[in-house]
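Pasting a structure below so you can have a look.
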Amino acid sequence: MTINVRFFASLRERIGVARTEIEADSVNDVRDVWLAVSHQPVDEEMLVALNRNYASLDHTVTDGDEVAFFPPVTGG
Amino acid sequence: MHIELRDQCFDPWAEITGFRDRMLSPGQYGACAVFVGTMRDYNDGDRVRSMYLEHYPGMTEKQLESLVDASCETNNLMEALVVHRVGSVNPGEDIVLVAVWSAHRKASFDACREIMEALKSTAPFWKKETLDDQSGDRWVHRNTPGS
């Protein structure tokens, strides 16, 4: 299973990449994706999107999904 | 309804009249409410020289469309226009425009605030400021409350 992973803003700087891809059959949900790519505990303030819609860490992922992690938004 | 991201300065007042003249007929609406957000040259006690607005291409537009669409529906709006800057922004430049049109003032007042607050809390944009004192760049961690 391939998952496309993206990071934005301060989280991108912290992780050190804007996007990456993971190949893993042991990944079930968004939380697993975070742990697999960041090797860091879940950040309480972090927001998550699955295929460009807001999602929770418990959302199930499937092959080809795009998962994004980012800090609280500050537009406007 | 029109949503647009811009990487250049825009004149919100020209956008409003241009959009109104294209999309609405004289006599059709009875109210228009407008919010324009502008970049300050100070924040959290520091002088700010410039700012960079990052966004999530694809999701930002989708989220804006969704929240404007919901407000149009709830408030029975006739039209709505949202323009938001991305990329480099300087103090004094406008960052965001929300303009809505309805038959009566309540719907326009309510929708303008509702759209702006939903944008502030859910649209994926992030501000990074460059300070005047050479201390470097910093991310804006959260927006101020709107009410």
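The values are calculated or read from the model by the stated rules, or taken from the named source; none is laboratory data. Just so it is clear, the model here is predicted, and its values are computed rather than measured. Cβ placement follows ideal geometry from the backbone for every residue including glycine, while neighbour counts extend to all protein chains displayed.
Quick check on B:Trp126: is it more than 14 Å from B:Leu64 (Cα to Cα), surrounded by 15 or more Cβ atoms within 10 Å (Cβ to Cβ) and over 16 Å from the mean Cα position of the chain (by Cα)?
no
Taking the stated definitions as given, is A:Ile22 under 28 Å from B:Thr144 (Cα atoms) and more than 13 Å from every other protein chain (Cβ to nearest Cβ)?
No; evaluated as a whole, the condition is false for this residue.
Determine which single condition B:Gly37 fails, assuming it passes every other condition in (1) more than 18 Å from the chain's Cα centre (by Cα); (2) within 14 Å of chain A (Cβ to nearest Cβ); (3) over 23 Å from A:Glu13 (Cβ atoms); (4) not aromatic (Phe, Trp, Tyr).
Exception for B:Gly37: condition (1).
Taking region B:78-107 only, how many residues are β-branched (Val, Ile, Thr) and away from chain A (no Cβ under 14 Å)?
1
Continuing with the same structure: Any residue at all in region B:58-79 that's touching a Lys or Arg at 6+ places or on another chain (Cβ under 8 Å), surrounded by fewer than 19 Cβ atoms within 10 Å (Cβ to Cβ) and assigned to a strand (DSSP E or B)?
no
May I pose another question? Any idea which of A:Glu66, A:Glu45 is of a type in the set (D, E, K, R) and touching a Pro at 6+ places or on another chain (Cβ under 7 Å)?
A:Glu45
For region B:113-130, how many residues meet the condition of being within 19 Å of B:Glu73 (Cα to Cα), at the interface with chain A (Cβ under 10 Å from one of its Cβ atoms) and among the charged types (D, E, K, R)?
Within region B:113-130, residues that are within 19 Å of B:Glu73 (Cα to Cα), at the interface with chain A (Cβ under 10 Å from one of its Cβ atoms) and among the charged types (D, E, K, R) number 1.
Hey, among A:Asp58, A:Asp25, A:Asp43, which residue is modelled with pLDDT under 95 and within 29 Å of B:Pro145 (Cβ to Cβ)?
A:Asp43
Residues of region B:44-91 being more than 25 Å from B:Ser108 (Cβ to Cβ), hydrophobic (A, V, I, L, M, F, W, C) and without any contact (Cβ under 8 Å) to a residue 60 or more places away in the chain, which ones?
B:Val89
Here's another thing I want to ask about it. What number of residues in region A:16-72 are of a type in the set (Val, Ile, Thr), under 11 Å from A:Ile3 (Cα atoms) and assigned to a loop (DSSP other than H, G, I, E, B)?
3
Quick one: which of B:Asp133, B:Asp110 is acidic (Asp, Glu), more than 14 Å from chain A (Cβ to nearest Cβ), surrounded by fewer than 23 Cβ atoms within 10 Å (Cβ to Cβ) and in a loop (DSSP other than H, G, I, E, B)?
B:Asp133
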